[in-house]
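This report refers to the structure that appears directly beneath it.
The values are calculated or read from the model by the stated rules, or taken from the named source; none is laboratory data. What you see is a predicted model, and the numbers here were worked out from it, not measured in a lab. Positions of Cβ are backbone-derived with ideal geometry, glycine not excepted, and every protein chain shown enters the neighbour counts.
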Amino acid sequence: MFDSSKKRHRLRIIIPGYATFNVYSDIASKTTALGPVSIASSVHEMEGWDVEVIDENNLRCHGPKTESGRADHDFLQRQRPADIIGLYGGLTSTIPRLYEIAAIYKKMGLTTITGGQHFIDENIPEALNAGIDYVIIGEGEETIRDLLLTLEKKGDVSSVAGIAYMQNGEIKYTLHREPITDFSKLPLPNFSLVRYAKIKTYPISRIRGCEMHCEFCTVKGKPRCASPERLMESISFLVETRDARNFFIVD
């Protein structure tokens, strides 16, 4: 249960471990996912909130692990207790592990939030029936801030656009949230929020949406592009603050 009376709160965003064989197997230990870092960077600007990202695929040798090699979430919670857990559902192959992690934290009594490209259509009821408290539908940088602020103030979550949740055994969907078009108002991704990871290749992006309509992919909609200046600012920021030399374009 979320304790709104605390003066500071912590959100822990977790990138679940990939299946043994997947498209990212070769680079998983050298990079991380851009989406969770973007969400964390947005929360990082909120007063009274701390945020961290744990990437189970990139924990380095000193990251807390269980005998199975996955992140030791009991240790993480003892070391730096989180109040709310965010779970990244960007790849369908990671969803079984996502639900395993959610169950660990639900036993601790924590609120769980998930989002990502997997969670569309019938996958949203699946998540809520699996015990997830809130599903963010679509892009999350603005939605997560509104949801956390509403929870902090004990407000009415039905007023938060772009989420689904369970109420008295019934699934509730709030108003649709329009996709972000002005990327300049978002903070630059802050990779220092990813704990334990050693990132050698930095994911960058300029375009969201796709009109190709591939049946195996959930990325849809008219492409929305950040300005070339925004892309160069992102790269320059990584070079200056992280000494980045290698980049992975995820558009």
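Key figures for this structure:
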{"read-out": "Residue that is nearest to the chain's Cα centre (by Cα) [pool: residues in the stretch 42-55 that are surrounded by fewer than 23 Cβ atoms within 10 Å (Cβ to Cβ) and not in a strand (DSSP E or B)]", "value": "S42"}
{"read-out": "Residue in the stretch 1-41 that is surrounded by the fewest Cβ atoms within 10 Å (Cβ to Cβ), counting only those that are part of a loop (DSSP other than H, G, I, E, B), touching a Ser or Thr at 6+ places or on another chain (Cβ under 9 Å) and small (G, A, S)", "value": "A19"}
{"read-out": "Conditions (1) touching a residue at least 60 places away in the same chain (Cβ under 8 Å); (2) touching a helix residue (DSSP H, G or I) at 6+ places or on another chain (Cβ under 7 Å); (3) farther than 30 Å from R10 by Cβ: number failed by R206", "value": "(1)"}
{"read-out": "Condition check for E215: acidic (D, E), outside any helix (DSSP H, G or I) and farther than 30 Å from H62 by Cα", "value": "yes"}
{"read-out": "Test: P203 is over 30 Å from D72 (Cβ atoms) and of a type outside the set (A, V, I, L, M)", "value": "no"}
{"read-out": "Residue satisfying condition, being surrounded by fewer than 23 Cβ atoms within 10 Å (Cβ to Cβ), modelled with pLDDT of 95 or more, at positive phi and of a type outside the set (A, V, I, L, M), within set G109, G69", "value": "G109"}
{"read-out": "Qualifying residue in the stretch 100-107 (condition: in contact (Cβ under 8 Å) with a residue 60 or more places away in the chain, out of contact with any Phe, Trp or Tyr (no Cβ under 6 Å at 6 or more places or on another chain) and among the aromatic types (F, W, Y))", "value": "no"}
{"read-out": "Among the candidates S42, S38, residue that is touching a helix residue (DSSP H, G or I) at 6+ places or on another chain (Cβ under 8 Å), more than 15 Å from I15 (Cβ to Cβ) and not charged (D, E, K, R)", "value": "S42"}
{"read-out": "Residue tally, condition loosely packed, with under 10 Cβ neighbours inside 10 Å and part of a loop (DSSP other than H, G, I, E, B), over the stretch 223-251", "value": "1"}
{"read-out": "Qualifying residue in the stretch 124-140 (condition: more than 21 Å from V37 (Cβ to Cβ), surrounded by fewer than 20 Cβ atoms within 10 Å (Cβ to Cβ) and touching a Lys or Arg at 6+ places or on another chain (Cβ under 8 Å))", "value": "yes"}
{"read-out": "Residue under evaluation L87, criteria (1) assigned to a strand (DSSP E or B); (2) more than 23 Å from K172 (Cα to Cα); (3) touching a helix residue (DSSP H, G or I) at 6+ places or on another chain (Cβ under 7 Å), criterion not met", "value": "(2)"}
{"read-out": "Test: E141 is under 17 Å from Q117 (Cβ atoms) and among the acidic types (D, E)", "value": "yes"}
